[in-house]
């Protein structure tokens with residue numbers, strides 16, 4: 001079976017290409033520019049991903065596409081029109097690829113969307129499910145939701161088997177953003193005001209997401225479905241900090257601080273969104289994925305955090 005992977009040189013794309021290769025699959029990695037692929041597989045350069053990208057050579061002989069490439073959510077987006085920039089890649093780029101995939105005879109198209117299509121937060125006792133009314137609250141999430149809708153239209157019109165996957169926060173070796181900043185703060189012994197956090201958040205280790213994406217690309221029951229995915233072990237921010245500290249071999253220096261005061265200060269400094277991420281709940285129920293595809297994550301949360309910490313330590317020692 002031959003797979004086309006977009007975003008192949010990214011955080012999830014690299015382990016995905018490697019795992020597919022290890023399973024005996026043929027892997028074609030689509031890259032925006034010439035460069036060295038950090039994972040095994042054939043490469044093809046496609047240039048910028050938008051509504052005009054020519055995918056003909058990349059799609060030749062392909063059985064399934066796993067579409068990871070996207071314009072990702074960033075804090076303080078400086079684009080004059082953020083929604084237009086997100087739509088250029090996440091909607092028009094995705095729809096163009098799917099239309100050409102259908103015309104090329106590709107059977108299945110797995111689209112990596114985002115739990116942000118569901119919304120930004122959940123209540124403590126009600127996780128998101130696939131049947132919830134979508135509630136995208138920023139341009140990134142809106143672009144992902146519109147892409148999902150257009151993919152469903154293409155599926156109806158062409159017979160392309162579309163599978164949509166909405167992961168929560170993904171972590172693992174190579175992680176960036178807030179997660180690596182959290183690793184660095186704990187590693188440096190910086191006290192964090194999270195000891196009293198009683199929120200609950202779902203995470204997914206990159207290795208677990210890779211396994212789920214392969215199941216979505218190959219299992220007959222996945223065709224036409226939308227799935228949420230997670231490690232299955234929801235944690236509070238306080239619990240997460242403690243687990244990371246233990247993985248790094250550091251003391252947990254978290255302390256209690258009133259959330260209301262912390263958020264007020266963060267709002268003044270323009271960091272309210274980061275505080276909400278640390279103290280808000282965002283849980284997903286991935287029972288549908290587990291039931292339909294007889295899937296279970298191959299790695300526990302503890303194993304995922306250990307692997308991430310080992311990578312961070314090695315990276316720290318090199319730099």
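Rounded to the nearest 10 degrees, what's the angle between the helix 94-103 long axis and the longest principal axis of the chain, both from Cα atoms, 0 to 90? Between helix and principal axis, roughly 30 degrees. Each of 28, 2 has some number of other Cβ atoms within 10 Å of its Cβ, and from fewest to most they run 2, 28. Principal-axis analysis of the Cα atoms of the chain puts helix 139-158 at an angle of about 30° to the longest axis.
Taking the number of Cβ atoms within 10 Å of each Cβ as an exposure proxy, the fewest-first ranking of 133, 148, 42 is 133, 42, 148. In the chain, the longest principal axis of the Cα atoms and the axis of helix 13-22 are about 60 degrees apart. Distance between the pseudo-spin-label points of residue 131 and residue 314 (7 Å out from Cα toward the beta carbon): 4.4 nm. Just checking the listed ones, 149, 26, 225: in the Gaussian network model of the chain with Cα springs under 10 Å, the one fluctuating most is 149. The order of 160, 289, going from fewest to most other C-beta atoms within 10 Å of their C-beta, is 160, 289.
Read-outs throughout are calculated quantities, based only on the coordinates presented, and are distinct from any laboratory measurement. Bear in mind the structure is a predicted one, so any value in this text is a computation, not a measurement. FYI the Cβ positions are ideal-geometry reconstructions off the backbone, even for glycines, and counts take in every protein chain you see.
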